[in-house]
Ligand code: AMP
Ligand code: MG
């Protein structure tokens, strides 16, 4: 039977029970050594209110749907009530930011409440993002604003429904307090509504949790954390030993490849792939200045802080994920003291990616493998074409399902019809580009004649990997604009559409449209900063 309150869940706080705690309760910013976490209480807020909840997450956690009517639910998930089952804490971690070792970072504005366990979902940690300062807050306030919290809440759930591994979001609360932010870091700070998201994941352990102990040569705590992680979250690998550490690392690498291939599939750009934002579960974590490709542009990043070098641009994500895995390998090397198994696992990144990525692209194109046929040139030709004129990635791939197989020569308009809507500037489809696009569509139709499936079967399979609905940047911004005016309905409305991203949903077709022109250059739509 589903639980009527958070306190009725089965709490089992393994992280705080089994890992070394910081002995100090001082929440002022400071180095924390030889500890995996610090005890810290969420900061009470002036007028908490519940803005949105994920019904699926209520189900996952075994909570009754009407738990949201209980004021204690809102109080707990906004940091205003800590019940005896909860052991609030902030984790200590470090990380490589933009390629450089940054030292201690830690949960500067995330406070975990503890872990709940049930049959359906296993172990899940509940964590409040934006619930006040911790020893890891450095120079910042430990708070989060409504706009970034809406983005995290919606995107976590949207990614889940797209089938992309991700941390989840249970709830979004307004705190009733105002928070000062300078959105573009250009000297125009303003007060914004404060908010708290309750995120949920088996754990929030990051690559950086291991890196911090390795950097400090604290091998004892490094081993304690690795042993805990394996025993609690990867028990199928066996009792920790040098071989098992290597097997565990291999598994992290494998999951990371799967995650990043999924990102490339749906056109998600994380924006800040620092090693402190890499989950050891291979989950997408830390939704900050992320964005979705509208027009397919491998060089695009939403993060204005990264504008110069575009380290975390869409096209670089696989390579950065690999680089991040190398940082984790370095961190756990002292536990294994042999380079070879780690090197083997890193090579697996390349070989696994080189299988998984082409397989994913073939699925997007609806190309079942045919013996002796190499589809790479067809895929590469398409990816060369798409950036030449602004082409909406989501609409284009969705449209491909309507292309018919054939060697007969369709006229130009009929050839283009299935994908025409994807072009932002159809008038640019002239001359050589038009010629090349039509040529590609002919080659593609031709290739489809080698597919044994019926057109309906093929289209159905393609529609399971090419979403119709993604959380377009401008849609999230529209929900934010309304919510900042006190009208929160669009959050639930978007969540509802994004629950079934692969379904046609003709009644919601407006949410599948191209980015409107006004959103091209608007802050929050095409440009995002880390200010959140
Ligand atoms: P991010 O790049 O958003 O993953 O954050 C990097 C680090 O900065 C993490 O340690 C965060 O906890 C911390 N941080 C980000 N924003 C805040 C904030 N408003 N208050 C305190 N710490 C923050
Ligand atoms: Mg982070």
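Rule-based calculations on the coordinates, nothing more; no lab input. This is a predicted model, so every value here is computed, not measured. Note that each Cβ is placed from the backbone with ideal geometry, even for glycine, and that neighbours are counted across all protein chains shown.
If the chain between residue 236 and residue 30 were fully stretched, how many nm would it gain, using 0.36 nm times the residue separation less the Cα-Cα distance? Here the answer is 70.4 nm. Taking 0.36 nm per residue of separation and subtracting the Cα-Cα distance, full extension of the segment from residue 41 to residue 408 would add 125.2 nm. Remark: the residue 442-residue 360 segment gains 27.3 nm on full extension, using 0.36 nm per residue and subtracting the alpha carbon distance. Rounded to the nearest 0.05, what FRET efficiency do residue 450 and residue 350 give with R0 = 30 Å and r taken as the Cβ-Cβ distance? Could you check? Efficiency for this residue pair is about 0.55. Taking 4 °C and 1.567 mPa s as conditions, the range 376-450 diffuses translationally at an estimated 104 µm²/s according to Stokes-Einstein applied to its Kirkwood radius (Cα pairs). Computed per residue of the chain from DSSP H runs no shorter than four, each worth -39500 (n - 2.57), the mean residue ellipticity at 222 nm is -12000 deg cm²/dmol. Take every Cα pair under 8 Å whose residues are at least 6 apart in sequence, average their separation, divide by the length of the chain, and the relative contact order is 14 percent. For residue 333 and residue 464, a Förster radius of 30 Å and the Cβ-Cβ distance give a FRET efficiency of 0.15, rounded to the nearest 0.05.
On the basis of the beta-carbon distance and an R0 of 56 Å, residue 521 and residue 85 show a calculated FRET efficiency of 0.70.
For the range 6-208, what class follows from the C-alpha gyration tensor (a ≥ b ≥ c being the square roots of its eigenvalues): rounded when a/c is under 1.5, otherwise prolate if a/b is larger than b/c, else oblate? Rounded is the answer for the range 6-208, as its axis ratio a/c remains below 1.5.
Mean silhouette area of the chain, derived from the convex hull of its C-alpha atoms and averaged over all directions, reads 25.5 nm². Between the C-alpha center of the range 475-532 and that of the range 57-86 there is a gap of 27 Å. Between the range 138-190 and the range 1-47, the C-alpha centres lie 21 angstrom from each other. Which percentage, to the nearest 5, of the DSSP beta bridges contained in the chain is antiparallel? So the antiparallel bridges in the chain amount to around 90 percent. Among 39, 518, the ranking by other beta carbons within 10 Å of each residue's beta carbon, starting with the fewest, stands as 518, 39. Each residue, residue 510 and residue 530, gets one label point 7 Å from its Cα in the Cβ direction; the gap between the two is 3.8 nm. The distance from the alpha carbon centre of the range 93-132 to that of the range 279-355 is 19 Å, rounded to a whole number.
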